[in-house]
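First comes the structure, then the notes that go with it.
The values are calculated or read from the model by the stated rules, or taken from the named source; none is laboratory data. Since we're looking at a predicted model, the values are computed, not measured. All Cβ positions, even for glycine, are placed from backbone atoms using ideal geometry, and neighbour counts span all protein chains on display.
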Amino acid sequence: MAFREVRVFEVREVLRLWLAGEGIRATERLVGFDRKTVRRYMDAAVGLGLVRDGGEEQLSDVFIGLVVEAVRPHRTNGHGEAWRRLQANHDQMAAWVKDDLTAVKIHELLARRGVEVPCRTVQRYVAEVLGRTRGRGSTVRVNDGEPGEELQVDFGRMGLVFDPATGRNRVVHALVFTAGFSRHCFVWLTHRQTTEAVIAGCEAAWAFFGGVFKALIPDNMSAIVDDADPLEPRLNQAFVEYAQARGFVIDPARVRSPQDKPRVERQVQFVRGSFFAGEDFVDLADAQRRAEAWCRERAGLRVHGTTQCRPAEVFSVEEQPRLLPAPAEPYDVPIYATAKVHRDHHIEVARSLYSIPGALIGSMVQVRADRSLVRIFHRGQLIKVHPRQAPGRRSTDPDDLPAEKTTYAMRDLDRLRRMAAEHGPAIGAYASALLDIPLPWTKMRQVYALLGLVKKWGADRVDTACASALEHEAINVGLIGRMLERGTENTTVQLPMPGVVVAGRFARDPEHFAVAPSADLAEGTR
């Protein structure tokens, strides 16, 4: 026969019936106790001074406590005979625990040895004396805090949903947000668990709740936490900047500590079982629309088992007025990268090129690129800001390049003309004549060659040679070089007089030919 514990109100009823004149058999029938049990409590009460004609005022809480203590004496060490049996087998039990046997298995082995004790007592002995527990142990219920302060968030795997982009079913995860005070929840569905997906979920949550909570309590998801630590976790830079922009603080839960965010832990199971299970969704967008309706109606209007209130109603009255203002503009999720400065003084970010100032070739720089700007940092200092470029484009600041290479790199034709004109008017005019073609940048190297002649022969001689060549419309840098080498830049070129035939430089003598030219042909050549 199983042991049945007699509760306090039942002890009071036994004594009240005795005071009313009922006998042991009648009391046994009315309260359902064995007559021996009834007699033990009645004898203990009489021994403590209970008299039949003294009225029910004698049955105070203190007196009932004394009666119970007299029948069931309190164990001074908190343990009974079963515990002492286990103590006698302590060494053997310690060896079994060392071999990683469970408490249930130890209970079976003890029974084979003739040690009959309750299994629960064995489990308590293994946990308290031998120092091994398989459960989470005792805990405490954490206060809900003030309305609007705390929003707990967690990822939970839901199942498969068809993705039209890939033409196949893909795993869907639910980012579940639960208000700590009202238990009102929001569900954001996503195929990925990236920082961008979490930020998108937060943006949708603020719109759903109509404001921003003061603190967000996530687990150690990699989209938010880079390095978990109980006291000083290292958070993801992108999400920290997002939290700063929206005005909330991040308080990550400890690793493998679901009790740090208990409100959302149970909610994930509720979302999986009540919303997702047994449903057919067209795609992720359809699932998201139905999830939001489920949050407002099914989850929001149910009577919560703990608060015994409807979460949506408590939220609208207690929490929503205390939230921070909802964002007016969508958040621009930046790109973070570490890039190497190449030999051409540029870095590549998101398939675009950006120039870097100074002698930083070979150095590593940190980049933050949003929708409009690209900010570049080196050793914590902001060194450059560029407008964001489309893939395949580049942004180059001429001041970032070496002065002697800027003009050529930027194909700055006006600057090149000015550089030539600074050495002399004829040099400037000659450079302009060289560049006066449909594709002038193809002649930039010739202008640089002309400037090289200035360094070699001096500006005056080159200017004189250019003036002479311009006079005869001879636009050729090689000609200028030969003139300078021969020292003929100051020689006046004699042009033939009108009507005078000048023999060609490479003309052959008429006797060279097998047939002498006729007079008419010779006359024609003149």
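Computed quantities for the displayed model
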{"quantity": "Residue identified as more than 26 Å from residue 323 (Cβ to Cβ) and part of a strand (DSSP E or B) among 153, 140, 187, 161", "calculated": "161"}
{"quantity": "So residue 244, is it out of contact with any Phe, Trp or Tyr (no Cβ under 9 Å at 6 or more places or on another chain), assigned to a helix (DSSP H, G or I) and of a type in the set (S, T, N, Q)", "calculated": "yes"}
{"quantity": "Selection within segment 337-367 - aliphatic (A, V, I, L, M), in contact (Cβ under 8 Å) with a residue 40 or more places away in the chain, farther than 12 Å from residue 377 by Cβ and not in a strand (DSSP E or B)", "calculated": "350"}
{"quantity": "Of all residues making up segment 314-336, the number that are without any contact (Cβ under 8 Å) to a residue 12 or more places away in the chain and either in contact with a His (Cβ under 9 Å, 6 or more places away or on another chain) or aromatic (Phe, Trp, Tyr) (or both)", "calculated": "1"}
{"quantity": "Pair list, Cβ < 8 Å and 6+ apart or interchain, from segment 467-480 residues that are assigned by TED's automatic domain parsing to the domain that holds residue 453 and more than 16 Å from residue 420 (Cβ to Cβ) to residues that are assigned to a helix (DSSP H, G or I) and at pLDDT 80 or above", "calculated": "468/483; 479/469"}
{"quantity": "Any chance residue 247 is crowded, with 16+ Cβ neighbours inside 10 Å and farther than 30 Å from residue 168 by Cβ", "calculated": "no"}
{"quantity": "Yes/no for residue 95 being over 19 Å from residue 120 (Cα atoms), in the same structural domain as residue 122 (by TED's automatic domain parsing) and either at pLDDT 80 or above or among the aromatic types (Phe, Trp, Tyr) (or both)", "calculated": "yes"}
{"quantity": "Which listed residue, of 126, 117, is assigned to a helix (DSSP H, G or I) and in contact (Cβ under 8 Å) with a residue 12 or more places away in the chain", "calculated": "126"}
{"quantity": "Top-ranked residue in segment 159-206 [being surrounded by 24 or more Cβ atoms within 10 Å (Cβ to Cβ) and in contact with a Lys or Arg (Cβ under 6 Å, 6 or more places away or on another chain); ranked as nearest to residue 307 (Cα to Cα)]", "calculated": "180"}
{"quantity": "Residue in segment 42-55 that is under 60 Å from the mean Cα position of the chain (by Cα), modelled with pLDDT of 85 or more and exposed (fewer than 11 other Cβ atoms within 10 Å of the Cβ) present", "calculated": "no"}
{"quantity": "Filter pass, residue 311 being under 21 Å from residue 148 (Cα atoms) and either surrounded by 18 or more Cβ atoms within 10 Å (Cβ to Cβ) or assigned by TED's automatic domain parsing to the domain that holds residue 205 (or both)", "calculated": "yes"}
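Quick grid of which residues meet (1) among the hydrophobic types (A, V, I, L, M, F, W, C); (2) within 13 Å of the chain's Cα centre (by Cα); (3) crowded, with 20+ Cβ neighbours inside 10 Å:
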site: 149; (1), (2), (3): no, no, no
site: 224; (1), (2), (3): yes, yes, yes
site: 237; (1), (2), (3): no, yes, no
site: 240; (1), (2), (3): yes, yes, no
site: 257; (1), (2), (3): no, no, no
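Table: residues versus (1) at pLDDT 90 or above; (2) more than 21 Å from the chain's Cα centre (by Cα); (3) closer than 30 Å to residue 202 by Cβ; (4) crowded, with 17+ Cβ neighbours inside 10 Å.
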{"position": "322", "(1), (2), (3), (4)": "yes, yes, yes, no"}
{"position": "347", "(1), (2), (3), (4)": "yes, yes, no, yes"}
{"position": "352", "(1), (2), (3), (4)": "yes, yes, yes, yes"}
{"position": "362", "(1), (2), (3), (4)": "no, yes, no, no"}
{"position": "399", "(1), (2), (3), (4)": "no, yes, no, no"}
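Every residue, every condition in (1) touching a His at 6+ places or on another chain (Cβ under 7 Å); (2) outside any helix (DSSP H, G or I), yes or no:
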position	(1), (2)
263	no, no
274	no, no
280	no, yes
296	no, no
299	no, no
308	no, yes
312	yes, no
